[in-house]
Protein chains: 2
Amino acid sequence: MLDPVARVRRFNRAVTSAVGALDSSFLGRGRPLGAARVLNAIGHGRSDVAEIRDYLGLDSGLMSRLLRSLEDEGLIETAAREDDARRRMAKLTRAGRREFAAYEALSNAQADGILAQHSQAEALLAAMDLIASALTRERISLDEVDPQSEEARYCLGEYYAELGRRFKQGFDVSLSRDPDAKDMRRPRGTFIVAMSDTLPIGCVGLKGTDHGYAEIKRLWVAPAARGLRLGRRLMDAAEAAARGLGITLLRLDTNSALPEAGQLYRSTGWREIPRFNDDPYPDLFFEKQL
Amino acid sequence: MLDPVARVRRFNRAVTSAVGALDSSFLGRGRPLGAARVLNAIGHGRSDVAEIRDYLGLDSGLMSRLLRSLEDEGLIETAAREDDARRRMAKLTRAGRREFAAYEALSNAQADGILAQHSQAEALLAAMDLIASALTRERISLDEVDPQSEEARYCLGEYYAELGRRFKQGFDVSLSRDPDAKDMRRPRGTFIVAMSDTLPIGCVGLKGTDHGYAEIKRLWVAPAARGLRLGRRLMDAAEAAARGLGITLLRLDTNSALPEAGQLYRSTGWREIPRFNDDPYPDLFFEKQL
DNA sequence: AACTTCATCTGACTAAAGTCAGATATCATG
DNA sequence: CATGATATCTGACTTTAGTCAGATGAAGTT
């Protein structure tokens, strides 16, 4: 009754029928699923035909016919690419945008329906985030971004909110040595965000200093992404970036209220050292020679 | 970035591709999905042809042909039912059992694979339970069972474990007035279990007494099923059963460490009354006239 | 016994999805 | 500019899924 594999399989059954229900509601728009999928891919901003084909896993002949049927319906227009006339681009016509909006409305209504009948929607969403991150694990990408980009700011906001919850005395960003964004841009440093299908789920900053070392800052993994060993992947990426920048010594500070962080550092070659700054929050300090 | 609907849809995408991957691994056994589904339904103990057809939503013509193709492969045998020769029963042959086991192995391997790459498998499983319960909400059935049945004993075990976690002083079943199972069987009372696709996710007991009232006992909802208003459904079912047994007055006791229970009682017509027993755990007592 | 109802099966059909070999046009390169 | 690589398209085909009308035989009803 409590066999883990049986629980996963119960989940599979539940989810298969929910997904099937969405598919049938799509059929209600009088178009086969294949054509609907292509239309939706285009609506979601994919325009390169080869890219869509690859994304949907379609044969080139089938893809060509599906495009033709959407064109005959007046929903899309295709044109050869200017820089390479072999490739084609597809885009929605006005009617296509209307039809795409109708599919979006169906998807949104289904999502809404699931949420609406649950009185603890936030718990349900957290569970969905956790599972989505676990299932798309191999597709999580680590991207270097500007520390002031939307993705980076979202991660930092979540990071500060979490420190506020975990520190007994709360957390006030303005009291911490807020790293100048400039120091986390190349060539002094960098900022790395982990993305799972458009959702940022983790980050780490590498901050250059003038003291002969660089600092690791703002290591954060979204609650939904914990257990995927993403913290380690982010640290590896930050260390690799540091090596690429010619940095040979790294330091970081952390707090004993974040035991999983301390454990990660200890298990990956970091050595505890005495306090090296007067920031009020950290009480643990580490160093690593690259 | 945090729109709830967008989060549900990200979940949908993640799960669709995982389900699709399992389907393609099933195709690897050289049999179309339709036939594989029928074989698996039979392997999972469904033998009545009409029941399988209904479960899989198949047309009778299609069903007949799929059965024939499995028979031609030597995987199943069908026979008319003894009590009604119009109906047919299907069962696996030896080769069919082997083939079914191969499908089971694929399903189990997929489930294992998801779990294995996650270092916090219990959190992942809890999330899956939550979602499976939410998605199969309409298919949750309330069944009257014997209080000593496997399902009932599972629920009670979970219930006691939860009390142990929630009461500051812990919980020891032997100190509580353990209701005699006889008192929770018809005609004195009953025991109701909420089932979601073979998994018990909640229970409630109606216990007859000789004092002119019956008691509601052991109301429990699995953590994964909270938010589905299952507590209320269980209470409604228990009250309906009480009415059917000619009971006109109900009492129950609870503890202020379970605030959601107290709130449920207050909002459904229960009236707080003075202590009516000397059980050491409860500190809140309610009564309801039917 | 004659009827209606029911579960299953058969034949004839359609739609959708997918496969594959070549045709066509364009691009990159020596 | 000839050559090979690349992206898309076309035609011919197969498989799978599904629909529907009617046949068959058994069960239930009057």
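The values are calculated or read from the model by the stated rules, or taken from the named source; none is laboratory data. Worth saying up front: this structure is predicted, and the values here are computed from it rather than measured. Here the Cβ is made from the backbone with ideal geometry for all residues, glycine too, and neighbour counts use every protein chain on show. With ligands, DNA and RNA removed, areas are computed over all heavy atoms of the protein, side chains included. Shrake-Rupley method; radii C 1.70, N 1.55, O 1.52, S 1.80 Å.
Counting only Cβ atoms, what residue of chain A lies nearest to the axis that sends chain A onto chain B, and how many whole Å off?
A:A127, 2
All other residues with a Cβ under 14 Å from the Cβ of A:L106 taken together, and with Lys, Arg as +1 and Asp, Glu as -1, what is their net charge?
Counting the neighbours of A:L106, the net charge comes to +1.
With +1 on each Lys and Arg Cβ and -1 on each Asp and Glu Cβ, how big is the dipole of the protein assembly as shown about its Cα centre, in debye rounded to the nearest 20? It would help to have the intermediate numbers written out before the result.
Details: 86 positive and 84 negative charges, 143 e Å.
My answer is approximately 680 debye.
Consider a paramagnetic label point 7 Å from the Cα of B:E287 along Cα→Cβ; state which residues of the range B:244-274 have an amide N under 11 Å from it.
In the range B:244-274, the label zone of B:E287 (backbone N under 11 Å from the point 7 Å along Cα→Cβ) covers B:249-252, B:271-274.
Show the residues, 5+ positions off or on another chain, whose built amide H is closer than 5 Å to the amide H of B:T93.
So B:T93 has HN proximity to B:I76, B:E77.
Can you list the distances in nanometres, one decimal and ascending, from the A:L62 label point to the identical position in each other copy, with the point 7 Å along Cα to Cβ?
List, nearest first: 1.8 nm.
Test of understanding: extend the Cα→C-beta vector of A:R94 to 7 Å, then name every residue of the range A:35-77 with backbone N under 20 Å from that spot.
A:43, A:70-77
Taking all protein chains as present, what is the carbon and sulfur share of the accessible area of the range A:152-279, in % to the nearest whole number, probe 1.4 Å?
Carbon plus sulfur share of accessible area: 50 percent.
Under a plain spin-label model, where a point goes 7 Å from the Cα along Cα-to-Cβ, how far apart in nm are B:A102 and B:E51?
2.7 nm
Identify the trypsin sites (Lys or Arg not before Pro) of the range B:146-202 meeting these criteria: DSSP loop state and at most 10 other C-beta atoms within 10 Å of the C-beta. Let's see the in-between values first.
Values: sites: B:R153, B:R165, B:R166, B:K168, B:R177, B:K182, B:R185, B:R188; in loops: B:K168, B:R177, B:R185, B:R188.
Filter output for the range B:146-202: B:K168.
If you plug each phi of the range A:152-166 into the Karplus form 6.51 cos²θ - 1.76 cosθ + 1.60 with θ = phi - 60°, what whole-Hz ³J(HN,Hα) values come out, in order, with x for Gly and Pro?
Calculated HN-Hα couplings, in order: 5, 5, 4, 4, 5, x, 5, 4, 5, 4, 5, 4, x, 6, 8 Hz.
Can you give the helix-only mean residue ellipticity at 222 nm for chain A, where every DSSP H stretch with n ≥ 4 adds -39500 (n - 2.57) and the sum goes over all residues, rounded to the nearest 500 deg cm²/dmol?
That calculation yields -15000 deg cm²/dmol at 222 nm.
How many angstrom lie between the Cα centre of the range A:231-245 and the Cα centre of the range A:150-181?
21 Å
Hey, for B:G269 with labels 7 Å out along Cα-Cβ, what do the inter-copy distances come to in nm, ordered shortest first?
7.0
Can you count the Lys pairs in the protein assembly as shown with C-alpha separation below 26 Å, eight or more apart or on different chains?
15
For the range A:97-191, which chymotrypsin sites (Phe, Trp or Tyr not before Pro) are in a loop by DSSP, counting at most 15 other Cβ atoms within 10 Å?
A:F167
Would you please give the residues with an amide H less than 5 Å from that of B:G202, counting only those at least 5 places away or on a separate chain, with H modeled from the backbone geometry?
The answer is B:A194, B:A222.
Over both sides of the B-A contact, add up the buried accessible area with a 1.4 Å probe and give it to the nearest 100 Å².
It comes to approximately 5600 Å² buried between B and A.
At a 1.4 Å probe radius, carbon and sulfur cover how many percent of the accessible area of the range A:4-117? Let's see the in-between values first.
Values: 3040 of 5970 Å².
Exposed carbon and sulfur together represent 51 percent of the surface.
Looking at the range B:1-86, which GluC sites (Glu not before Pro) are DSSP coil and have at most 14 other C-beta atoms within 10 Å of their C-beta?
B:E82
Within 13 Å, Cβ to Cβ, of A:R88, how many net charges do the neighbouring residues add up to if Lys/Arg are +1 and Asp/Glu are -1?
It works out to a net charge of 0.
Pop a pseudo-label 7 angstrom from the Cα along the beta-carbon direction at both A:D23 and B:S176 and give the gap in nm to one decimal.
Those two pseudo-labels are separated by 4.5 nm.
Could you state how much accessible area A:I201 has, in square angstrom rounded to the nearest 10, with a 1.4 Å probe and all protein chains kept in place?
0 Å²
Roughly how many nanometres apart are two label points built 7 Å out from the Cα toward the Cβ at B:Q263 and B:A109?
For the pair B:Q263/B:A109, the computed spacing is 4.7 nm.
Using a Gaussian network for chain A with springs between C-alpha atoms less than 10 Å apart, which of these wobbles most: A:A194, A:A126, A:A101?
Sorting by GNM fluctuation, first place goes to A:A101.
Within 10 Å of each Cβ in A:134-142, how many Cβ atoms from other chains are there, averaged over the peptide?
That average works out to 4.
Shortest first and in nm to one decimal, what separations exist between A:S256 and its copies in the other chains, measuring from label points 7 Å along the Cα-to-beta-carbon line?
3.6
I'd like the distance between the alpha-carbon centres of the range A:94-118 and the range B:95-138, rounded to an integer number of Å.
Comparing the Cα centres of the range A:94-118 and the range B:95-138, I get a distance of 29 Å.
I need the phi-derived Karplus couplings for the range B:266-279: 6.51 cos²θ - 1.76 cosθ + 1.60, θ = phi - 60°, integer Hz, Gly and Pro marked x.
After applying 6.51 cos²θ - 1.76 cosθ + 1.60, I find 4, 8, 10, x, 8, 10, 6, 10, x, 3, 10, 8, 10, 4 Hz.
Residues of chain B: accessible area per residue at 1.4 Å, in Å²? Don't skip to the end; give the middle numbers.
Numbers: 14030 Å² over 290 residues.
Heavy-atom accessible area per residue stands at 48 Å².
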